Amino acid sequence: MIEVEGLGKRFVLHNQGGAVIEVMAGAHLRVGRGECVALTGASGAGKSTLMRMIHGNYRATEGRIEVAGVDVAGAEPREIIKLRRERLGHVSQFLRVVPRVPAREVVAEPLLALGVARDQALGRAEALLKRLNIPEALWDLSPTTFSGGEQQRVNIARGFVHDFPVLLLDEPTASLDPGNREVVLSLIEEAKARGAAILGIFHDAEARARVCDREVDVGAFTPARGAA
Amino acid sequence: MNALLQVRKVTKSYGDRVGCADVSFDLWPGEVMGVVGESGSGKSTLLACLSGQMAPDRGAVIYDTRDRGPMDVLAMSEPERRMLMRTDWALVHQTPRDGLRMGVSAGGNVGERLMAVGARHYGDIRARAVDWLGRVEIAADRVDDPPSAFSGGMQQRLQIARNLVTGPRLVFMDEPTGGLDVSVQARLLDLLRGLVREMGLSAVIVTHDLAVVRLLADRLMVMKDGRVVEAGLTDQVLDDPQHGYTQLLVSSVLQV
């Protein structure tokens, strides 16, 4: 479901004397249905950069990225928009929402965007918020006022509210208490069982060992500095 | 499926000065496109050319009409273009005063646009006006007040109701949240997002506010000196800008 080959990334900073920073070269990986693969490597090795390129958030300088049949590196914006709406879910580390929108609406939004009936979308959102132990009293409040851990759980609920065939997870268990961590790991296991292909960054080694089938060391794709 | 709007090499000069030059893009049904750039970058000139308020010197604006398919808006007759602007298109001005009739009641402002497309039954018109005022969160007991008695945020919401009551497919917005308090902006952004989703609207939004496009626009075009210097998915352009000017623009935003 995810195929990456010969992927490279270079940043050119035009306002800093045209500095060129090579951050990735020759990256390759595959994630199949029902599989969970972890990206590993030291901080700064490019785990997030690779995830962002697969999500279409960063442009690939070279190489090929295919997600659920879409050529992400070469696609038109509207193809990526459609891919993200229907097939490619993403749980980032930070929640970015319109202020003042209630948590249950934030979580239901991916379903509403797919045209799911409002009652049904909100019902599913509420079930997930409940499962992730967000108190019912908070559902009508904007998550911008929530604690870090609560915001993260809202973000996770939003990522799992639709059964995306492909999921990108950036540190889904960071800053969660043991109970909620357990809920998130079960959500990941259920997604795998229904055939989702998952690529994630997990600093939590125990969580990684439990849900991930393989690891890909991103350090192997870091170009030799100064060689460029 | 056709693109809803096909813009081809739209160019407008003011004497020697370039307004906008060679702007081309396709807008698809349901898409929201943001246009950003600093004052004088040509974004307002472009919007005026696209929305039929100004004739460009060159180029084509092809709109996929409901009954006759794609047609060049610039080649339409004046009555045809006016009809299109009253039914299928909407234009939300930065200053609500430019888009409202200040001496007419709020309900009248909304009802007027319905009458322009042939509605005649007073009860129906009033009921639809009240329904729309409710959707933009204006209480029913304010329906007979003139917009001059409204706050800036309410006036802007009224302008949106007036524009959307006829069920347009394409909305042009010029700095829709400009001049409003941030708390009012947030409410307006949420309202616009909901309407875009529920009505399947396409929109072109001109703004200098990068936070607004991040939350509202699927795609982004960056303009400088009348030209498009970069275009793409909104989050990609903002998070991984390729052009020097976009990099400068993104890195100049104050973080709060």
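Among the residues of region A:114-137, is there at least one that is open to solvent by 10 Å² or more (accessible area, probe 1.4 Å), under 29 Å from A:Leu50 (Cβ atoms) and under 16 Å from the mean Cα position of the chain (by Cα)? Explain how you work it out, then say what you get.
Applying the first criterion (open to solvent by 10 Å² or more (accessible area, probe 1.4 Å)) to region A:114-137 yields A:114-120, A:122-124, A:126-128, A:130-131, A:133, A:135-137.
Cutting the leftovers down to under 29 Å from A:Leu50 (Cβ atoms) gives us A:114, A:128.
Add one more test, that the residue is under 16 Å from the mean Cα position of the chain (by Cα), and what stays is none.
Looking through region A:114-137, none of the residues is open to solvent by 10 Å² or more (accessible area, probe 1.4 Å), under 29 Å from A:Leu50 (Cβ atoms) and under 16 Å from the mean Cα position of the chain (by Cα).
Checking the conditions here, which among B:Leu248, B:Leu191 is in contact with a Lys or Arg (Cβ under 8 Å, 6 or more places away or on another chain) and either open to solvent by 50 Å² or more (accessible area, probe 1.4 Å) or under 21 Å from A:Ser142 (Cβ atoms) (or both)?
Answer to the selection: B:Leu191.
Any residue that is open to solvent by 20 Å² or more (accessible area, probe 1.4 Å), out of contact with any Pro (no Cβ under 9 Å at 6 or more places or on another chain), in contact (Cβ under 8 Å) with a residue 24 or more places away in the chain and under 17 Å from B:Ser202 (Cα atoms) - is there at least one of those in region B:110-133?
No.
Take the residues of region A:13-71 that are closer than 22 Å to A:Glu206 by Cα and of a type in the set (S, T, N, Q): which is nearest to the other protein chains (Cβ to nearest Cβ)?
A:Ser48
Which one of these does B:Asp209 not meet: (1) at pLDDT 95 or above; (2) open to solvent by 40 Å² or more (accessible area, probe 1.4 Å)?
(1)
Please give the helices (runs of 4 or more DSSP H) falling wholly within region B:149-256 in which 1 or more residues are within 11 Å of chain A (Cβ to nearest Cβ).
B:182-199, B:210-216, B:234-239, B:244-251
Report yes if some residue within region A:66-75 is open to solvent by 50 Å² or more (accessible area, probe 1.4 Å) and over 27 Å from B:Val229 (Cβ atoms); otherwise report no.
yes
Can you tell me which residue within region A:72-105, out of those that are among the small types (Gly, Ala, Ser) and under 25 Å from A:Gly148 (Cα atoms), is nearest to the other protein chains (Cβ to nearest Cβ)? Even if it seems obvious, please write down each step before you answer.
Initial filter on region A:72-105 (among the small types (Gly, Ala, Ser)): A:73-75, A:89, A:92, A:103.
Restricting the remaining residues to those that are under 25 Å from A:Gly148 (Cα atoms) gives A:89, A:92, A:103.
Working: A:Gly89: 15, A:Ser92: 10, A:Ala103: 13 Å.
That would be A:Ser92.
I'd like the residue in region A:186-228 that is among the basic types (Lys, Arg) and in a loop (DSSP other than H, G, I, E, B) and, out of all such residues, is least open to solvent (accessible area, probe 1.4 Å). Please lay out each step first, then the result.
Going through region A:186-228, the residues among the basic types (Lys, Arg) turn out to be A:192, A:194, A:208, A:210, A:214, A:225.
Add one more test, that the residue is in a loop (DSSP other than H, G, I, E, B), and what stays is A:194, A:225.
Details: A:Arg194: 96, A:Arg225: 162 Å².
Taking the candidates together, the pick is A:Arg194.
The values are calculated or read from the model by the stated rules, or taken from the named source; none is laboratory data. Worth saying up front: this structure is predicted, and the values here are computed from it rather than measured. Virtual Cβ from ideal backbone geometry, glycine too; neighbours counted across all protein chains shown. The area values use the complete protein model at the heavy-atom level, side chains included, leaving out ligands, DNA and RNA. Shrake-Rupley method; radii C 1.70, N 1.55, O 1.52, S 1.80 Å.
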